[in-house]
Every structure is written in C-alpha cells, then in structure tokens.
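Notes follow the structure.
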Amino acid sequence: MENEVCVVITHGDVFFDIDEVDGQFSMFDRSFAGSVVLPLSKRINENIQGEVTVNGIEIDRVWFHTFTQHNNRQFMGLPVRRIMTEYGKSYKVRIEGFIDMNGVMMEPQELTVTTLPRKEPVPGYEAHDLIALEAAREGIVLLKNKDSILPLKKDEVLNIFGKGQFEFRTGAVGAGKINPRYQITLMQAIKEHSEFTVNPEVKALYIQGEEAVPERPSLEEACRKSKIALIVISRASGENLDNSAIKGEYYLSAEEDAMIREVSETFEQTIAIVNSGYPIDMTWAEKYNIKAVINCGFAGMLGGLALVEILDGRVNPSAKLPDTWSYDYYDHPASKNFYDTAEGKPKLDSSSTYFVDTYYEEGIYVGYRYFETFRKEVAYPFGFGLSYTTFGICITDFTHGAEGTILKLQIKNTGKTAGKEVVQVYSEEPDGKLEKSSRKLIAFAKTETLQSGELQEIDLHIPIERYASYDSDTASWLMEPGTYILWVGTSVKHLEEAGSFKLAESLTIQKVVNRMVPPVPIRTLSKLDPEGTYPRGELSGLKLEATELAPKARRQKNQEQWHVSEKIPNKLVKFTDVMERPELLDSFVKQLSIEELARLSVCGSSGWGMHEKGEAGRVYLLNQYDMKPFVVADGNSGVNLRKPNIGMPSSTVVCSSWNTKLSYEVARVIAEEAKENDVHMILAPGMNIHRNPLNGRHPEYFSEDPYLTGMMAGYFSKGLEDNGVSSCLKHVIANNCETARNRNHSLMTERTLREIYMKAFEVAMEVHQPDSIMTGYNAVNGVFAAADEEMIQGVFREELGFSGYVMTDWGSYETVDIVEAVQAGNCWLTPGTNDDTYVLPIVNGVKEGKIDQARLEKNVWYLLKIVLKRA
Ligand code: BGC
C-alpha cells in the first residue's frame, strides 16, 4: 500500500448531470458544486495542485475533501460545469501532477466522463407535473415592482446578468434534494417557453461560471439593444451545513455588488431575481436602482417556467413571505445565539465532535414577533407579497363568544388582472403576567382566482385556543384579562382593525403539567427592558472541553401501562394473520422474544441510506412471521430515490403560497409517486421553525411562524396519508441548525418551547394525526430529543394524542444512548444494520432492568400498527 501509486477510483463509467447545480457531494462541501467528484485510493497532498484538463481545457482549481462519512477517504472535486455544457456527450479528462503524502507522484490518468442526456417529460405524468408548476406559480413572491415595470412585454429582449443564470437552483441539497424526471430552468424557460429573447453577448459573459462585472461600454451597448436588465443571484442551501453571514452567502460577494451597481446605473429597468434557499441581505435593492425584485427560492422542477410566466404576466403572483426579511442578519435577536462562521470560526458539519450550546435568549420573539413588538424596520415584512392587481377587504361580521371568534370577510379584486389574495388575521393581546408579542398570526385564507371586479366571501372561525399563552408557573394555557384586538390584512404591516373583545377575568384554556423544563434559568428578551434583556450570547457556542451535554437534566417518568392481557398466544400468529384480523396485533407482539423485539426496534438498512432503490430505510423482516416490507424515503419535495420522479418546490416555497389545499395536493402527488415506487412512508414534512435565516435546512422547513408552519405541514401530512402513504413530522424538536447537529443543545424556557417550537407540531396534529414523528439529532433543555421520555410520552402521546410511531434521525445513536432512547419510547433506531450492533444493547438493557419490557413491546406495537396500515 505504502508504495502503491495513488489513483482516482472510478467504479465503471463516470457521469455528470448538467442539470444538477450542486450535486450529491456539495451537501458535505459546497465547493463541490458543479463538480465531478472522485474518490482517491491514497491521500494526496492538497497543497500541491496538479493539472486537470477536460478535452484539453485546463481546470483552474481542484478541490479536496476527506469524508468521515466514507471511512475518511479523500475525494477530489473537478469543477467541470463551465466546460461540460452539452448533454449526452463524452469528455476526456486527464489528471496528472498530484503528489501523495509520501511524495510519490500519481501516474497521469485518463478517464471519460459522459454528461447525461437531457431529461424530457415522461408521458402519463402531466397532471402531476402540473401540480409542481402550480406550486411554483403560487410560491414565487413578488417583493418589489416600482412603476409597475412588471409584467414585461411578452417579446422583450432581456439582458441577463449574474452567474446565477447558469446556476439556477430548483432544489435543496441533502434530504430535501429532488431528483426530477426533467426540469425547466430559467434560461430554458425563456428560450423554449416564452417569446422573450436573450442578448447573447451578455449571456456569454457568464458562461465561465464567474461573476463578471461588465465594462461600461459593453453595458451601454447592451442597453441599446434593450432597456431591460435581469440580475440572477443564487445561493445553495441544505442539510449538514449552515450558511454564514459572509460575503457570497448572506451578503453579496464583492463581484456581485459591483455587477449590480454597474448594471443598475446603466439600466433604468433592472429586475432582480433571488434564487436562494434562505433570506439574504436585500439592502442593495434600495441602495441601487432596482425596480423589481422577485424571490423565487427553490421552486422545483418547473420553477424556471413559473418564474418566466410571472415575468411576462401569464401568471399573476399571489405568494406571501412566510418569513421576515430583515434589513440585516444581525437585526435578528437570534443571531446572538447562533454558531456562525462569519466570526472566523471553522465550519462544523454533522461530523463535528464538539458540543455547541444554543441559548434561545430571544424567547418568543422570533421573526415578526420581534420586529413588530420592538418596532424595528425590515426589508420585507412577514406575510408580504405583491400582485399585478389590487384587492379590497371588507369586514362584514365580527362575533366573539365562548368558543372563539367568527370573522366574515369579502375580498374583491379591484384591479384589472385576475388574481388571488391571502387574508391574514393577527391578534393583539393584553399584557399581564405574561408579556405578549404585539402581533400573532391566528388565521389566514387564500381566495380562489378572482376576475377583475369579482368578490369572494370568506368565513373564518378562530377557536378560543388560538389566543392562549403558556404560563409555566401554573403549567396552563390561559388568556389574561384585557382587550383583544383582531387585525386583518395582507401582511403583518398592512392591517386594519377588524374588531375587538374584552375579557374580564383570566381564563384557563388548558391545564397541563410542566415538561422539558430547562435545567438552568434562561434569561429572555422582554419588552419591559429591551436593552437590559437583549440577547448577549455569552453562554452559547462551542464547548471545547465538553464530552457530554451540560447542563444535563433529568426527565420525569411517563409510564403508560401495557394495555392487553399478558397472555402469550398458544399458536404462532403470523403478520398475515394480523393483516386479516388487526385485533391480533397484541398477540403478535406478545409472542415475540426480547431479541425479536429488539431486532424490530432497529431499522433494517445496512448503513446510511441510498441502498437498493435509494431509500433511507426499511423495517427489518422477521423470517418466520411472513412480514411485509415497509420502506421509508425522504421526500419534502419529491421521493428521494435513485429513480427520477416528481420535483416539487421546497417547503418554504410551498408555504409561500399560503394555500393549504395546494400543500395537500403537493403531498398527494408525492404519495402517488411513492406508492408507484413501493415506498410506504415519506419522511416529511420537515417543520422546524425558521428561527434564524442561516439554518442550512431553511428551504426544507416552512416558516418562522408556528401556526402557518403547522397548518401547511398538517395539510401536507394529510395529503400523504389520505393517499395511502405514511408521513413523518420531523424533527422534534428545536432542531434549528446544522452546525454540530448531533451535539447541538437548544436551551430555552418552557414557554418558548411550547408557544413557538412545539406549537407548530400541535397545530399540524390538529389538522391531521400523523403515522410517525422523527426525533431531532439535537438536545433540548438537557436531554437528547431522541431519548426524551417527557417529550415523547408526555407531550406527544399524552397531551397531543399521538398514536403513531417514533423514530430517531439517522445515526442518532452515535451520540444518544440506545438504552435511554428505547426506554424513552423511541420505537425505531435508524438507519441500523442487519447485524447485532444495535440489537444487543437493547437486549442487554432489558436484561439489566434499564428497559422495561412493557415499553419495548409497546414501542414495537406502535411501529407495527403503522406497518400494518400500509401492508
Ligand atoms: C436527515 C433526516 C432524513 C434522514 C434520512 C438525516 O440526515 O436529518 O431529515 O430524513 O437523514 O435520510
């Protein structure tokens, strides 16, 4: 081995997918975007750049990354996107001049890389593809439209600036990735699905994948061809790595800034397209002469088409932001307690072994709750989005009673173009013992398409519980006395008073018990002393010396009794028997040995996902019982398998539609495609709260608001399950960043936990009770979520009535004690193995009295109940 020469390992033919902007490996290292990534047989010296050519053209820089996820193997990334631009073509790659760690030079190596053919629509799926298109049409947000410059004339000539035109992203990286049958990017949509033409000279400036800043004369030349400039800014985002408040990520890079300045100074009509997975700095849209801004996010396989339809007016935008876009990242109080590499710290991904504490000192003041209460100006407010028409809202009735409030509204299209509007209702609640945010979303609805002059009546029933706040002293949800004002409008900033009611005395809505209380007091932001209580972040951050969670906490026991007779059946009960007679499930479980129970508690994958058809996991099949397969796959936006299928917009974009029916439809289509691929459960919706814009998984989640998140996710979950596929609400709970995600510790008051983070799940479960939930990698208030009995048994099962099964996130057992997780009620350890690695600790746990057999049986019972449902 020592003397062997390092080679690039290729397992058969090497392919490159032009349509994948980021590719599989950029989940681990963003520098691998647009690259062919190849493993090396031996470590080579990263400081010595050799030479790589593609069809004789030199590649400027080769990237390296050593993957702990691949047995510490070093990989080489060849950025080929600018050269491999043609579909279905073979390119000759020559690699030479690299030197291994022993100083031995590689033999020059040649290989052929073939680009995949262009993917075309597959007949028979038109109706599904149309839902992906509809979701993009309703999810792309128009943020600015000065002088109504949009929509453009249909046959306009466009000068398109920014490398984002060649890096147009349609999906996230990691678990939220899509593998669409085909896609239509912005440039393809312009060329093939519109009457626009593109100025080829401007386009040519970006073909190299660099952020070119054009010279004034060439800009003026372009301006003579057309007065319209389109700027495309794109940002990757996804699982495993958080984004950072640095130039090129949250902020514009110096080149982008210079390009936008130059372009907007030359062109009277500059339109910016933001193709980012998370909110970014937008101050440049005011600083420079930008007339229109469109936030298209990751809009799925037909995102480019929907965007062009909005540009030329075939579609009237109707989306609203599910998040506040602040003026600056640091305006978010949560920025004080978020590990960010902007301060020169190293990027930490899931392989990091450091512990990181995250104190939620902002308390309930997340997103607009902060910006509204503390009257801080923002770039674009929560709930905001423009249309090509105008609407009038008329309040026709306001009645409040013991059950809640009934609000009757008429929404009229007062403009000239057909369109849809979203009405939003916020409460303003009296301060008492508990201080309140000045606005809280309590209801919303989206109209149908209204023609010019057309009117729609909408009745909103707001249940009394929506007004409740959580008092941890009395462990109760209550309404405090005083005046409650309801505000109605089209964003948190565009509201009119709809009515009010008075409450004379405090009203307890629900009594619970204290759960998941923090192990240390948490100082939280208060409007009574904004400066004195503003988050400081002193306690958060990397715990270099820590080898376990600190501060740690203990949880109360939540034992529920095994509810069937202890009788073991006298003849073997097969799974197929239970399929016919579901009441035999108890007997089926009762007959299992401890080893068998333990075996079923471990997912039967042979490693980290992507096996067989590419699923994330499958239930272990015990031989003698004729069990039926149960396969789970990721799927916020499509079925995450090797076989191409539907590619929906990311969850944030779907959420921007504020259309619960559409969220249901998106999930229905995913379910139908999952079934075709023999997938029984989709590991979605992902519903962590957008606490901080830099969370890498921002696009996979819905909103900063728990009610909006809960409603959209609840309908998504229902859409899957009504159509024959199980859903999985994830990741419980407060899994709000990717940095050191297996050791990130969220610390917050019980009120914050319940009103913001748990609320989203509570609302979703009011809409629909899901078949499963997934615990987060993180810890909350001193206990790993995967082993939190109070959360699993107490909050979810007792309070929220959850009766599906609980699974860990993939590989949680690397940090979480298996015995504690099972005893806490976690039913399925993932991804598992087919040997005894994770089974033995469970068996021993029972033998040593650390796991109650009754709990283990019940865990398996919950799991099998769902497996049976889909068998
Ligand atoms: C992600 C989960 C996903 C799982 C299975 C994990 O890395 O955090 O969201 O469902 O992998 O792929």
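Nothing in this text is a laboratory measurement; each read-out follows from the coordinates by a stated rule. Since this is a predicted model, take the numbers as computed values, not measurements. Positions of Cβ are generated from backbone atoms using ideal geometry, with glycine treated the same way; all protein chains shown enter the neighbour counts.
Numbers at a glance
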| read-out | value |
| --- | --- |
| Computed over segment 668-739, Cα set: Rg, Dmax in Å | 12.9, 37 |
| Cα-centre dipole for segment 70-128 with unit charges at Cβ (Lys and Arg positive, Asp and Glu negative), debye to 20 | 160 debye |
| Hits among aspartates and glutamates - C-alpha to C-alpha of LYS154 under 13 Å, sequence gap 8 or more where chains match | GLU195, GLU309, ASP312 |
| Net charge of neighbours whose Cβ lies under 11 Å from the Cβ of GLY638, counting Lys and Arg as +1 and Asp and Glu as -1 | +1 |
| Amide N of segment 171-187 lying under 16 Å from the label point, which is placed 7 angstrom from the Cα of LYS203 along Cα→Cβ | 184-187 |
| ASP340, ASP626 arranged by Cβ crowding within 10 Å, fewest neighbours leading | ASP626, ASP340 |
| Sorted peptide list for 494-500, 265-271, criterion being average Cβ within 10 angstrom, highest first | 265-271, 494-500 |
| Radius ratio Rg over Rh of segment 569-669, counting only Cα atoms, Kirkwood formula for Rh | 1.12 |
| Cross-link pairs LYS336/LYS440; LYS163/LYS191; LYS730/LYS759; LYS552/LYS718; LYS376/LYS420; LYS557/LYS847 - those with Cα-Cα distance over 25 Å | LYS552/LYS718; LYS376/LYS420 |
| Total formal charge among the other residues, if their Cβ is under 15 angstrom from that of THR396, Lys/Arg +1 and Asp/Glu -1 | -3 |
| Burial ordering of LYS408, LYS153, fewest other beta-carbon atoms within 10 Å first | LYS153, LYS408 |
| Charge-dipole axis of segment 640-713 as Lys and Arg at +1 and Asp and Glu at -1 on Cβ define it, positive-most pick from TYR664, VAL654, TYR701 | TYR701 |
| Rough spin-label spacing in nm, given labels placed 7 Å along Cα→Cβ, for GLU220 and ALA402 | 7.9 nm |
| Ordering of 415-425, 12-22 by burial proxy (mean other Cβ atoms within 10 Å per residue, highest first) | 415-425, 12-22 |
| Whichever lysines have a C-alpha closer than 18 Å to that of LYS571, once near sequence neighbours (fewer than 8 apart) are set aside | LYS590 |
| Set of aspartates and glutamates with alpha-carbon distance to LYS144 below 14 Å, sequence-local pairs under 8 removed | GLU286 |
| All Cα pairs of the chain, percent lying beyond 42 Å | 34 percent |
| Packing-based order for 592-601, 666-675, 381-390, 84-93, using average beta carbon neighbours within 10 Å, highest first | 666-675, 381-390, 592-601, 84-93 |
| Relative contact order of the chain, pairs being alpha-carbon contacts under 8 Å that are 6 or more residues apart, as % | 12 percent |
